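Visitor: Pasting a structure here, questions to come.
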Amino acid sequence: MRRLSPFVLLVLLTAAPAIARESANPRGRVVRDIVTGMTVSDAARRSAQGAPLASSATPASVTVSPVPLPAGAIVLDSTWYDLQDMGSLGARIVIGADGRVYVTYQKDYCELGGGCPPNLGSPQPYPNRAMGYAVRTAGLWDHRGKVQDPDLWGCCLTEKLGGHGSIALAPDGRVAISQHMNEEGCDLRGIFYLQDAVGATTYTGELTPIISPSYLFPQVVATTDGSFTVFGEVPKGGQYDEVNDFRISHLASPGATFGCPVGWQMGAWTAVAPPALFRDGKPAFPSMAAASDGRVGIAVGDFGGNLYLIESSDGTFAPATVRTRPITAYSDAQVTATDSTSTQFRPYIHCHLAYNDTTPNVVWSELQARRSGANVVYFDHRSRILHWDSQRGIEVVKQVAAGEADRYDDLDNGLNGPLSGFNTISVDWPQVGFSADGRETYVAWQRYADTQVDATADAGLPGIVTGIGFGDICISVARTGESWSAAQNLTNTPATDERFFSLAARNSNGRAQLVFQAPATDQAGVTVIGDRGATPGNLLRRIAYLEAPLTASVVGVPPAAVPSIATIRVSPNPTHGAVAFALPRAGGANDWLEVIGVDGRAVARLATGAASALRWDGRDASGHPVAAGIYFARLASDPSVRATRFTLLR
């Protein structure tokens, strides 16, 4: 098992029970040391050779330069914090049926706790934090800033401490925003704030029971019957590879009065999955969503194990309402290869769930599994993003190809090299969404490349960690019966580190709508946790919103704007090779038909002459067969003729 705390730690996973990080390494596991990043054998070898162990010191000053946001992105806010999510991928953007855009994000409050920039010489340099909120109505953004402390009926005084929350839109249009909070005289726990009225700036706190351990990093969903479900997890202190436990609390309807000190409105914290479901008794990071029929689902992985979808028909997760569905059927016995030729991959720690009306869609990241004696070892080598729904089954959306991110596998092999960054692998943070009409499915992920590395960040391990990757956000599109499109880089900023993004479940007009963090300078990584080293300096991060046109989408143009009679007919579609094009009219001497890839490049040009029908053999201008995928046929000389999409199979 790989553990990340706060940089990559390589762990060999066995069936042995989990043992605390500070204890001796259990048999069958090799753990990278929290200080040096080396395995026990690495350290012994270097010591025997007289080589000094690496220092954790980091240069106190680094030359930095301002960097742009991705094309089309706008800044909503900024924060000195960079922990939008520790692990679980909750929704932080919702698109209403009326087109309004609602976002939430973790924000610091410089007026509460030391000012900004943070005083790094202070015992606690960073200010208090909680969730921020913004809404766009008719193209104008409003309410940008802190979600106000809720009305708690004069009992516990809020300590203005929280964050790590999500957003949901109730059927009546009110916004619900979760966060974990600490109330003076009470305890830290996950709750949610509900707007007192649509568009209001005041909120009422809907409180979960106070128990120990506290359930934090909450997510909230609203169901069609007006009820709410809050999910919370018990994190593993200092480690972010799995959680100790997760549960839900249900609110049948808002409006009950809170009675101090124990009159919380929400129901008891309810266990959702038995520990025995997971190989070491601990799940990876779960994700929660609601369907249009009132169901609430939780997707959850098991690092090195399997993926599960746990659904409750009414959101209560009472035993009679629950169905647990295994998505994968992996076993250690399937892993036999001992090197990078292995074709076996296993779930990493991140997954995401969204419903296309009533159909659950789950996405997750996987890394390579290899055999090492009696153990299974995991490497960030050719890592991949997978998608599942009940119609398509399991599909690989993206697999890292040779030359894209080879260097991120170096540390796994005991070599010096870069890291993707805190809590991530080379393709990770997967999320799924849909077009507004549900016809298109979008899968987005964070990606890191060998060519985009910030060499000034070393996770406190100079000489071992040679840099942190600059993240970009990529996406792929699919429609019923068609394969996934080639990856489109939505951000495409080689020196700007976009990360911690959230993709809307419903996206309008053939665009991906997302909110994310990006630093104001050319510095990658997470400063608060430690990607940038022991003395990282201050790093201001912008909260940005982006609507990115999707090159593989066909829903972006209103049907009324497209002539319905002037089209190119394609047969067969899909095709395994040659394809015939029937034109709406005979061509002219200077007419050309172009075959366009999803990236906008013309792969073939056919002179029409006076013909009304053409044939293409599936080869480019050099005579080489083009790759399988989605293509468009268009008349270059006549834009009034509608381009036609077709699928080429190999």
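The values are calculated or read from the model by the stated rules, or taken from the named source; none is laboratory data. Not measured: the values here are computed from a predicted model. Don't worry about glycine lacking a Cβ; one is built from the backbone with ideal geometry, like all the others, and counts go over all protein chains shown. Protein only, heavy atoms only, side chains kept; ligands, DNA and RNA dropped before computing areas. Shrake-Rupley method; radii C 1.70, N 1.55, O 1.52, S 1.80 Å.
Each row is one residue, and each column tells you yes or no for (1) in contact (Cβ under 8 Å) with a residue 40 or more places away in the chain; (2) open to solvent by 60 Å² or more (accessible area, probe 1.4 Å).
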| site | (1), (2) |
| --- | --- |
| F246 | yes, no |
| S253 | no, yes |
| T257 | yes, yes |
| W264 | yes, yes |
| G267 | yes, no |
| A276 | no, yes |
| G281 | yes, no |
| A284 | yes, no |
| G294 | yes, no |
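Visitor: Taking the condition of a type outside the set (A, V, I, L, M) and under 14 Å from N361 (Cα atoms), does G281 pass? Can you show your working first?
Guide: Values: of a type outside the set (A, V, I, L, M): yes; under 14 Å from N361 (Cα atoms): no.
It is false that G281 is of a type outside the set (A, V, I, L, M) and under 14 Å from N361 (Cα atoms).
Visitor: Let me ask something additional. For H250, which of the numbered conditions (1) farther than 30 Å from A97 by Cα; (2) modelled with pLDDT of 90 or more fails to hold?
Guide: It fails just one condition, (1).
Visitor: Same structure again: Would you call A478 assigned to a strand (DSSP E or B) and either out of contact with any Leu (no Cβ under 8 Å at 6 or more places or on another chain) or surrounded by fewer than 21 Cβ atoms within 10 Å (Cβ to Cβ) (or both)?
Guide: Numbers: assigned to a strand (DSSP E or B): yes; either out of contact with any Leu (no Cβ under 8 Å at 6 or more places or on another chain) or surrounded by fewer than 21 Cβ atoms within 10 Å (Cβ to Cβ) (or both): yes.
Yes; evaluated as a whole, the condition is true for this residue.
Visitor: Then there is this: Open to solvent by less than 10 Å² (accessible area, probe 1.4 Å) and part of a strand (DSSP E or B): which single residue out of F192, F217 fits that description?
Guide: Numbers: F217 fails: open to solvent by less than 10 Å² (accessible area, probe 1.4 Å).
Step by step, each of F192, F217 is checked, and only F192 is open to solvent by less than 10 Å² (accessible area, probe 1.4 Å) and part of a strand (DSSP E or B).
Visitor: Which pairs do you get when a residue that is closer than 19 Å to G481 by Cα and open to solvent by 30 Å² or more (accessible area, probe 1.4 Å), found in the range 381-405, comes within reach of a residue that is part of a strand (DSSP E or B) and among the β-branched types (V, I, T), reach meaning Cβ atoms under 9 angstrom, with the pair 6+ apart or on two chains?
Guide: Final answer for the pair search is S390/T359; Q391/T359; R392/T441; V396/I385; K398/I385; K398/V427; K398/V443.
Visitor: If you don't mind, another one. State which residue pairs qualify: first residue in contact (Cβ under 8 Å) with a residue 12 or more places away in the chain and open to solvent by less than 10 Å² (accessible area, probe 1.4 Å) and inside the range 502-528, second residue in a loop (DSSP other than H, G, I, E, B) and of a type in the set (K, R) in any location, beta carbons under 6 Å apart, and separation of 6 or more residues or different chains.
Guide: S502/R92; V515/R92; G525/R532
Visitor: Out of A369, A401, report the one residue that is in a loop (DSSP other than H, G, I, E, B), more than 29 Å from V296 (Cβ to Cβ), modelled with pLDDT of 95 or more and not hydroxyl-bearing (S, T, Y). Before you say what the answer is, go through the steps one by one.
Guide: Working: A369 fails: in a loop (DSSP other than H, G, I, E, B).
Going through A369, A401 in turn, the sole match is A401.
Rundown of residues vs (1) touching a residue at least 24 places away in the same chain (Cβ under 8 Å); (2) of a type in the set (D, E); (3) open to solvent by less than 10 Å² (accessible area, probe 1.4 Å); (4) under 30 Å from D98 (Cα atoms), yes/no style:
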site	(1), (2), (3), (4)
I425	yes, no, yes, no
W429	yes, no, yes, yes
V432	yes, no, yes, yes
T456	yes, no, no, no
P462	yes, no, no, no
I473	yes, no, yes, yes
W484	yes, no, no, yes
A495	yes, no, no, no
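Visitor: Still on this structure, I have one more. Looking at the range 195-214, is at least one residue modelled with pLDDT of 90 or more and of a type in the set (F, W, Y)?
Guide: No, every residue in the range 195-214 fails to be modelled with pLDDT of 90 or more and of a type in the set (F, W, Y).
Visitor: Any residue in the range 324-347 that's open to solvent by less than 50 Å² (accessible area, probe 1.4 Å): show its pairings with residues that are at pLDDT below 95 at Cβ separation under 6 Å, as long as the two are six or more apart or on different chains.
Guide: Partner pairs satisfying both residue conditions: none exist.
Visitor: In addition: Residues in the range 466-474: is at least one under 14 Å from the mean Cα position of the chain (by Cα), more than 19 Å from P70 (Cβ to Cβ), assigned to a strand (DSSP E or B) and at pLDDT 95 or above? It would help to see each step written out before you state the result.
Guide: From the range 466-474, those under 14 Å from the mean Cα position of the chain (by Cα) are 471-474; that's our starting set.
Pick out the ones that are also more than 19 Å from P70 (Cβ to Cβ) and you get none.
There is no residue in the range 466-474 that is under 14 Å from the mean Cα position of the chain (by Cα), more than 19 Å from P70 (Cβ to Cβ), assigned to a strand (DSSP E or B) and at pLDDT 95 or above.
Visitor: Continuing with the same structure: Just checking, does the range 614-629 include any residue being in a strand (DSSP E or B) and at pLDDT below 85?
Guide: Applying the first criterion (in a strand (DSSP E or B)) to the range 614-629 yields 614-616, 619, 625, 629.
Remaining after also requiring at pLDDT below 85: 629.
Scanning the range 614-629 turns up at least one residue that is in a strand (DSSP E or B) and at pLDDT below 85.
Visitor: Hey, another quick one. Do we find a residue being at pLDDT 85 or above, open to solvent by 20 Å² or more (accessible area, probe 1.4 Å) and not charged (D, E, K, R) anywhere in the range 141-150?
Guide: Yes, the range 141-150 contains a residue that is at pLDDT 85 or above, open to solvent by 20 Å² or more (accessible area, probe 1.4 Å) and not charged (D, E, K, R).
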